[in-house]
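Data first, discussion second: the structure below is written as structure tokens.
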Amino acid sequence: MSWERIIGQHRVKQLMRRMYESNRMPHAMLFHGPEGVGKDAVAIAIARTLNCEGGAWDPCGSCAACRGIAALRHPSLKLIFALPSKDDEHSAVDKLSADELDEMNQQISEKAENPYHRIRMSKASVIKVSSVRDIRKEASFRAGKGGRTVVLISEADRMNSSAANALLKTLEEPGGDLLLILTTARKDALLPTIVSRCQSIRFDPLSEEDIRDGLLRERDLQRDQVDAAAHLAAGSYAAAMEMAREGGLLSREEVLQYVRDVVLNNPVKLHARIQGILGKEDRQTLVRFLVSVASWFRDVRALHEGAPGLINSDLREPLEKFAAHYPDADCTRAVDEIEHVIALLQKNVHLATVMIVLSHRLRSCIVPPP
Ligand SMILES: [Zn+2]
């Protein structure tokens with residue numbers, strides 16, 4: 001990952017460059033901000049800059065360190081993420097089955113190909129102590145080899161308490177050439193003692209424009225698709241990639257069906273639909289689903305007002321039918337209701353209940369009670 005492939009994040013890039021050029025790169029940094037905005041990507045780029053034989057801010061891209069780090073297979077970059085493991089004590093990688101190793105290598109390759117890819121292994125939700133424990137050993141082994149070893153703990157909020165405590169020990173006595181970078185979308189889930197020992201760097205959501213430019217540069221995509229994905233991704237490049245991927249926007253078919261079930265007022269069908277939406281998704285995906293539902297109502301409002309341009313231009317036909325059928329639908333209130341629920345999802349709420357209440361409120365926006 002070289003710097004020009006990092007999407008947006010100009011403030012962060014400048015800050016990193018100043019630290020690098022004044023030789024003030026700290027021992028530990030915490031990159032925090034929404035998911036999919038490039039925290040891991042920036043960490044990988046730093047590892048290249050610090051270890052490239054060229055010795056300049058822009059890595060040469062061709063030396064052994066540049067190539068090895070870009071492939072995520074180089075001793076100067078240690079990537080730590082949640083792994084499946086039956087017990088907490090033994091080395092997390094040693095204990096993996098052949099299938100799990102395959103899956104891990106597949107995930108690493110995807111991440112190397114695209115640093116915005118979020119590593120996900122089945123049955124792995126926790127970063128275990130065994131993944132964190134060897135950091136110090138590795139640091140002393142590597143000392144004096146030139147460059148700087150970067151340890152990237154991706155989604156650091158997934159560390160269990162023994163992993164967090166082991167990391168704390170490392171943070172208390174930082175090794176000479178070691179640079180620890182923790183990334184998280186949930187800073188408040190980390191131990192305050194860990195947070196206070198790292199230099200916090202905030203990452204902002206990306207602008208629609210940056211996301212659009214990134215998608216057009218990296219992928220062979222249609223303009224329509226890119227515009228809709230950039231809008232619906234709410235600042236996350238990773239989310240935009242998922243949506244722009246072939247078939248990714250098809251999930252909007254689910255939006256269409258959901259809105260239909262809401263107006264049909266068939267409780268059994270509606271509950272089944274909600275269970276279906278919740279069953280296979282995590283909270284983040286539910287947020288994206290709701291952002292899509294909100295964009296549906298924004299488009300209906302645009303049609304009512306005769307405004308030009310639709311977010312979901314490929315759904316123009318069903319949108320026009322809907323807008324004509326419900327000329328009095330209160331779309332502004334519907335969008336407000338959805339945004340209220342999106343805010344609620346950041347808290348610990350019961351998803352099914354929230355979705356059922358929302359569905360009833362949306363119905364009253366579309367079909368006012370007599
Ligand atoms: Zn290089």
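The values are calculated or read from the model by the stated rules, or taken from the named source; none is laboratory data. This is a predicted model, so every value here is computed, not measured. Note that each Cβ is placed from the backbone with ideal geometry, even for glycine, and that neighbours are counted across all protein chains shown. Accessible surface areas use protein heavy atoms only, side chains included; no ligands, DNA or RNA. Shrake-Rupley method; radii C 1.70, N 1.55, O 1.52, S 1.80 Å.
Details
- Shape analysis of the chain places it in the prolate category; the axes a ≥ b ≥ c from the Cα gyration tensor give an a/c of at least 1.5, with a/b above b/c.
- The stretch between Q222 and Q14 holds 71.7 nm of extra length on full extension. This uses 0.36 nm per residue minus the Cα-Cα distance.
- Taking amide hydrogens as placed 1.01 Å from N in the peptide plane, the amide H of T149 sits under 5 Å from those of L179, each at least 5 positions away in sequence or on another chain.
- Peptides 233-243, 55-65, ordered by how many other C-beta atoms sit within 10 Å of their residues on average, highest first, read 233-243, 55-65.
- Placed amide H near I201: partners under 5 Å, 5+ positions off or other chain: L30, F31, H32
- Beta bridges per DSSP, both residues in the chain: antiparallel share near 5 percent.
- Here the Gaussian network model covers the chain, with springs between Cα atoms less than 10 Å apart; of S76, S313, S359, S313 fluctuates the most.
- Per-residue Karplus couplings for region 11-16, computed as 6.51 cos²θ - 1.76 cosθ + 1.60 with θ equal to phi - 60°, are listed in order as 4, 5, 4, 4, 4, 4 Hz, Gly and Pro entered as x.
- Calculated mean residue ellipticity at 222 nm for the chain: -16500 deg cm²/dmol, from DSSP H runs with n ≥ 4 weighted as -39500 (n - 2.57), summed, divided by the residue count and rounded to 500.
- Sorted peptide list for 293-305, 339-351, criterion being average Cβ within 10 angstrom, highest first: 293-305, 339-351
- Accessible-area composition of the chain, carbon plus sulfur, in percent [1.4 Å probe]: 50
- With all protein chains modelled, accessible area of I366 [1.4 Å, Å²]: 10
- Exposure rank, largest accessible area first [Y20, Y258; 1.4 Å]: Y20, Y258
- Relative contact order of the chain: 17 percent, from C-alpha pairs under 8 Å at least 6 residues apart in sequence.
- Accessible surface, region 247-366, averaged per residue in Å² (probe 1.4 Å): 50
- Sequence-separation-based contact order of region 3-202, relative, with Cα cut under 8 Å and 6+ spacing, percent: 30
- Lys-Lys pairs in region 1-112 that are eight or more residues apart or on separate chains and whose Cα atoms lie under 24 Å of each other come to 10.
- For region 311-318, putting each phi into the Karplus relation 6.51 cos²θ - 1.76 cosθ + 1.60 with θ = phi - 60° gives couplings of 5, 9, 5, 6, 9, 3, 4, x Hz, in residue order, rounded to whole numbers and with x for Gly and Pro.
- The phi torsions of region 57-74, fed into the Karplus equation with coefficients 6.51, -1.76 and 1.60 and a -60° offset, translate into couplings of 4, 7, x, 5, x, 10, 6, 4, 5, 4, 5, x, 6, 4, 7, 6, 9, 7 Hz, rounded to whole numbers, with Gly and Pro shown as x.
- Net charge, N23 excluded, C-beta distance under 14 Å - Lys, Arg +1, Asp, Glu -1: +2
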